[in-house]
Amino acid sequence: MFKKPLPQWLSVSLTRSLTIFLILIALTFSAVAVSPQTVFAAPLSAAFTDCASQSEIPATECNALVALYNNTNGANWTLNTGWLQTDTPCAWYGVHCSGGNVIALMLPRNNLSGAIPSELRALTKLQRLDLYGNNQLTAVHSLIFF
């Protein structure tokens with residue numbers, strides 16, 4: 001039997017596809033290869049134990065964040081990524097830091113409920129506090145003018 005040659009456009013397309021496939025396989029296996037001298041980096045952050053074990057912000061500011069989480073039902077917030085899970089409070093959802101201090105807490109419409117803790121007065125560099133839309137929050141009068 002006589003075999004009919006592939007059309008040129010199909011031949012080029014198959015060649016490109018095969019080349020891309022082989023490149024992807026090569027990249028996959030080269031990324032997996034590990035030499036005996038390979039040293040893996042430590043995790044970006046460790047599990048949260050207490051405020052004394054973190055070094056991003058003063059312990060008093062960290063304690064204020066922990067009090068906010070505990071007093072406002074943090075386990076049931078809409079978003080609570082990182083809170084009391086890592087030792088990097090500046091990476092916790094809604095926490096913004098600069099110069100080693102908390103400068104903003106942005107937790108709008110996040111299902112916070114309960115009393116805002118008086119410990120927030122320890123956030124002396126706080127420039128912005130956004131708790132809008134958390135309708136189950138109660139304010140502590142001493143916080144209104146901190």
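Annotations for the structure displayed:
- Any hit, the stretch 83-97, residues being in contact with a Cys (Cβ under 8 Å, 6 or more places away or on another chain) and either over 22 Å from E56 (Cβ atoms) or assigned to a helix (DSSP H, G or I) (or both): yes
- Here L137 meets the list (1) over 13 Å from the mean Cα position of the chain (by Cα); (2) assigned to a strand (DSSP E or B); (3) over 13 Å from A64 (Cα atoms); (4) at pLDDT 95 or above almost entirely, failing just condition (4).
The values are calculated or read from the model by the stated rules, or taken from the named source; none is laboratory data. The shown structure was predicted, so the numbers you read here are calculated from the model rather than taken from an experiment. Please note: Cβ atoms are built from the backbone with ideal geometry, for glycine as well, and neighbour counts cover all protein chains shown.
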